[in-house]
1. Given R₀ = 51 Å, FRET efficiency for residue 263-residue 92 by Cβ-Cβ distance, to 0.05?
2. Once the Cα atoms of helix 269-285 and of the chain are each reduced to a long axis, what angle between those two axes, in degrees from 0 to 90 to the nearest 10, is obtained?
3. Once neighbouring chains are kept in place and the probe is 1.4 Å, which whole percent of the accessible area of segment 193-287 is contributed by carbon and sulfur?
4. With +1 on the Cβ of every Lys and Arg and -1 on the Cβ of every Asp and Glu, and nothing else charged, how large is the dipole of the chain about its Cα centre, in debye rounded to the nearest 20?
5. Would you mind working out the magnitude of the charge dipole of segment 1-117 relative to its Cα centre, with +1 at each Lys and Arg C-beta and -1 at each Asp and Glu C-beta, to the nearest 20 Debye?
6. Residue by residue through segment 50-66, what is 3J(HN,Hα) from phi via Karplus (6.51 cos²θ - 1.76 cosθ + 1.60, θ = phi - 60°)? Round to whole Hz and write x for glycine and proline.
7. Which angle from 0 to 90°, rounded to the nearest 10, does the C-alpha axis of helix 289-314 make with the longest principal axis of the chain?
8. What is the gain in length, in nm to one decimal, between residue 162 and residue 271 on full extension, counting 0.36 nm per residue of separation less the C-alpha to C-alpha distance?
Amino acid sequence: MAKKTFRTGDLSVLEMQNYLNYLIAPRPIALVSTIDKAGNVNLSPFSFFNLFSVNPPVCVFSPSRRVKDNTTKHTLQNLIEVPECVIHMVNYDMVQQTSLASTEYAKGVNEFTKAGFTQLPSTYVKPPRVAEAPVQLECIISDIISLGDGPGAGNLVLAEIICLHIDEAIFNEHGKIMQEKLDLVARMGGDLYTHTGMENIFKVPKPIMQQGMGIDKLPAYIRNSSVLTGNDLAQLANVTEMPTLAEVKDYLEINSFIVDQMDHLRPFPDSRLNYIHQRSKTMLRNDKLEEAWLNLLAGLHYEEIIVHELINNQL
């Protein structure tokens, strides 16, 4: 696939911001409350944000210098005065209020009031919490790292979490968090957002749970497919071993229609390959990994039978 290539030094700051905000997405949103020495509260969202450590538990977010005029944000100014904050995770129910809180109000204006959020006193830090947020992380600031003094330069805020407040409604009966109940929102480019509703959530088994064979060990019949994508092949390669020949024969006996269809397509080898690979591709989409493997090896077994017949006929 053709690519456009850019040297970053050839792009303006505004162009760089536009490209990267679209390309590095979606990004989780931290709605951060801070307070200055005079007691003025500020509330502002940041999508340059993520979790970077669990021991100690540290989040990092970046109140970057404004591109338009190179000024710093009230959040950063407050953190220099009072190095504490509360990071709130933003769900779909509060995304419009969160966006409103991003308005550049004058110093001293409380965005809790402007956005209609409810203030709750925190347990260990001075900035208040947003009552509506499903997750509230009380943090102390261990460091602020400036990445430059020009427009768009970041300021990495290392926020160590000292207390977590989590809605009881997102826990199941076993005390585990139900990801779909959070319905978290993430930032993309321009005015675009996305959220983690159930329709957008899927599972990918972790390779660290077992040592997958790897794509390089797949049979060429599978590895060189023009139907199966890299994603498909990676799912197949994330197993420790292939089904046995006995299992494949049992599968063919139960699904005899596969042999019937392959016999029908016998004069057309490319069509046979496409038939088997399309079937397995559909199975993979429906999380039927074992059946996808059996179907592929059934096709391979059929091809081997044809080869043996050809050899015997030549003899």
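The values are calculated or read from the model by the stated rules, or taken from the named source; none is laboratory data. The shown structure was predicted, so the numbers you read here are calculated from the model rather than taken from an experiment. Cβ placement follows ideal geometry from the backbone for every residue including glycine, while neighbour counts extend to all protein chains displayed. The accessibility values were calculated without ligands, DNA or RNA, using every heavy atom of the protein model including side chains. Shrake-Rupley method; radii C 1.70, N 1.55, O 1.52, S 1.80 Å.
1. With R0 = 51 Å, the Cβ-Cβ based efficiency is 0.45.
2. So the helix axis and the longest Cα principal axis differ by about 40 degrees.
3. 54 percent
4. That gives the chain a dipole magnitude of about 960 debye.
5. 360 debye
6. Working through the residues one at a time gives 5, 8, 10, 7, 10, 9, x, x, 10, 9, 10, 9, 10, x, 5, 5, 5 Hz.
7. Computed tilt is about 30 degrees.
8. 33.1 nm
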